[in-house]
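Notes follow once the structure below has been shown.
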Amino acid sequence: MRTVAILGATGSVGRQALEIVRDHPDLRLAGLAAQGSHAELVAAAREHGAGAIALADRAAAQRARSEFDGKVLGGPDGVVELVRELRADIVLNAIVGAAGLEATMAALDAGSDLALANKESLVAGGELVTAAVRRSGRLLLPVDSEHSALQQCIEGAAPESLESLVLTASGGPFRSWAQERLADVVPAQALAHPTWSMGAKITIDSATLMNKGLELIEAHHLFGVGYPRIEVVVHPHSIVHGMARFRDGALIAHLGLPDMRVPISYALTYPERAATPAPRLDLSQGFALDFEPPDLDAFRCLALARAAGEAGGTAPCALNAANEVAVAAFLAGECRFPQIADTVAAVLDRLDPEPLESVEQVLAADAAARALARDALGVAA
Ligand code: MG
């Protein structure tokens, strides 16, 4: 029996993780957390017999208390408290945004394995998180289709035999669009992702290729591979989720239909590889795999992310914070699509990266970058 805590339980990854837990007799849900969807969280806790929940929104936590007999923690610290109290065997961190870093550190400090779907933990706090993993001796299991695929490609390989990692990108809805045409893109167009159904923020990040940039930084920290040895290739059908090149010339790829239940299940049941109902790739009809290089001029966010990753320290944190502000402004109709990259570039230009030392420093760098981004965009906090 393995106890599981799911953070961000009402989001897309969280809901699918609940499905995996429901179908797996050896996984028991100990607790779950969400931002503010108290009714859904309470219903899930009841269904799974979980004894504790946390809601980051205090008012939502207050409402949950009148509906739920178990423990209800509230406020931004409630999630961290939940993780510390539960000491679950595995914590799935699917919190969206920079707030996920504190939960990541708390899970590792509490001696839990960490199934990580929160991008910002490794993007903003990479060095801190990898040091915490080494200290704790626990497992860090990526819950992103690309990183899960890469982990499976290199599993069991001697580190010195690995030549490079290849991250695949769908290219988003504007693949092969000329730079000029991108100026008039509206949110509804950017939200129509061709192959994956996800939340609004990550879908916009897929359209700008910032998502791949953030994944590049994550891959660097997860696998300890230098940036020049991580390639990005556009692969529109999202069938190949990741590849690893080895020094003997072999290129090992991970294939499957896009379905997040596969990486979620892989992480939650590692190394068992439990059965999932995910649809199987049908080879009997034949199919082609297309690859093309990313257009770094039209999709500047990818190049900006690589540069921020190479600069290291607080630079990736600033990149991510500026991007969050710009994406929110774009979704609110307050800026145009190309201004997302403009804003990120302006913020990186104005900040000198510092080496990472603490979570507080990351949060301060995050706040400073957000203020600069709002300033560059001329939007209110
Ligand atoms: Mg991904």
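Data for the structure
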item	result
Exposed-loop-free span, longest in the chain, where GluC sites (Glu not before Pro) count as exposed if DSSP calls them loop and at most 16 other C-beta atoms lie within 10 Å	156-271
All Cα pairs of segment 2-142, percent lying beyond 21 Å	33
Inter-part distance where segment 40-94 and segment 328-381 are each reduced to a Cα centre, Å	31
Positive-end residue, the chain charge dipole about Cα centroid, Cβ charges, pick of 49, 114, 151	49
Potential lengthening between residue 282 and residue 296 on full extension [0.36 nm per residue; Cα-Cα distance subtracted]	1.7 nm
In nm, spacing of pseudo-spin labels at residue 22 and residue 77 (7 Å Cα→C-beta vector)	3.5
Accessible area in square angstrom per residue, segment 107-203, 1.4 angstrom probe	38
Segment 310-347 residues near the modelled residue 186 label - backbone nitrogen below 12 Å, point 7 Å along Cα→Cβ	333
Selected from 189, 152, 16 as most flexible by GNM, with the chain as the system and alpha-carbon contacts under 10 Å	189
Extension gain from residue 349 to residue 127, taking 0.36 nm per residue of separation minus the Cα-Cα distance	77.7 nm
Cα-based shape type of the chain, given that a ≥ b ≥ c are square roots of the gyration tensor eigenvalues and the cut on a/c is 1.5	rounded
Options 101, 61, 131, ranked by Cα towards positive dipole end of segment 2-142, top entry (Cβ charges)	131
Cβ-placed point charges (K, R +1; D, E -1), dipole of segment 2-142 about Cα centre in debye, nearest 20	120
Computed lengthening from residue 157 to residue 250, 0.36 nm per intervening residue step minus Cα-Cα distance	32.3 nm
Computed over the chain: relative contact order in percent, which uses C-alpha pairs under 8 Å that are six or more apart	15
Charged-residue dipole, Cβ positions (Lys, Arg, Asp, Glu), the chain about Cα centre, Debye nearest 20	660
The chain - percent of accessible surface contributed by carbon and sulfur, probe 1.4 Å	51
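The values are calculated or read from the model by the stated rules, or taken from the named source; none is laboratory data. What you see is a predicted model; the values in this text were computed from it and never measured. Every residue, glycine among them, receives a Cβ derived from its backbone with ideal geometry; neighbour counts consider all protein chains shown. SASA here: full protein model, heavy atoms, side chains in, ligands and nucleic acids out. Shrake-Rupley method; radii C 1.70, N 1.55, O 1.52, S 1.80 Å.
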